[in-house]
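Some notes on the structure that comes next.
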Amino acid sequence: MTNKGDTIQAALTVLETLGVPKAQQNERSAVCLLALLNLPPHKPWSFAEAPLIGITPIMEWVKNHYGKVYAPNTRETFRRYTIHQFCNAGIVAINPDNPLRPINSPHTVYQIQPAVLELLRTFGDSSWNVALTAYLAAREALLVRHAHERIQQRIPVRIASDHTLSLSAGEHNELLRAIIEEFAPRFAPASHLIYMGDTGNKWAYLDQTLLAHLGLTIDPHGKMPDIILYLETKNWLLIVEAVTSHGPVDSKRHSELVTLFQQSKAGLVFVTAFPSRKMMSRYAAQIAWETEVWMADAPSHLIHFNGERFLGPYQEH
């Protein structure tokens, strides 16, 4: 019968054998692997499972079964410095139940890849060496397949006639694509994209030259909006927040953005983008005055939270 320390050491041996980077050959990654396999102490490796499990449940599982307590603020450490590398190594799949779920969703889950589960069920058994040899021989082909699947799930965004950007899958990035391909041509025609963040990459696109031309320097640790567009014909800087990331441009966020872009040589225009009018109605009371609202399901319309500036009759058609 093994104890907790022996099981953790066995998991470390597995990680080393699978060629996980040295930085991930540590206790945190070992207990994370055990959680992904639902392997508490004394449970044989042949009984390993493949539950769908998120980061916080992993940390709870580790505390309950191995007595290892990690502070809540280390959740991002688990994700960035263990799970991310497990995914890159083809050991773990992200959101296999719903590949279109954004990776920053609170409902994101992870699962051991089937081929890895099959291999690890033989650990400690006489068939381990044969199974390991077969797995390592097929591993490159598996990694290529997983990489191809991830590429297929990405969202292409045309940001110029000759330039297409690829974003990770999910509702948020679908809205970003709509902002670039539907909002910008209608309300900021011939505008230049300066910045766009991605749920998987904060700096998915950045035009530093144009940014500097407008007198701006960006704090890399600052809370960036989702998209920044420059409309040269009016000398406007359109700062667009997709509600699916951090909510709408409310009074607090408006003040933050004014401070962040206070050195801009261009006039600031603040826009909150919603995927639908229905979702907008849930946030209407929070939206700051002197800002704009755009909805992807009614792309030819804006709602102006700008008081009397746009008051007046419209010609009936």
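Only the coordinates and a few stated rules stand behind these numbers; no lab work does. Just so you know, these numbers come straight off a predicted model, no measurement behind them. No Cβ is skipped: glycine too gets one built from the backbone with ideal geometry, and neighbour counts run over all protein chains shown.
About the Cα centre, and with charges only on the beta carbon of Lys, Arg (+1) and Asp, Glu (-1), how big is the dipole of segment 30-90? Nearest 20 debye, please.
Its charge dipole is roughly 120 debye.
Can you compute 3J(HN,Hα) from phi for each residue in segment 56-65, using the Karplus curve 6.51 cos²θ - 1.76 cosθ + 1.60 with θ = phi - 60°, rounded to whole Hz and x for Gly and Pro?
4, x, 4, 5, 5, 4, 4, 5, 5, 9
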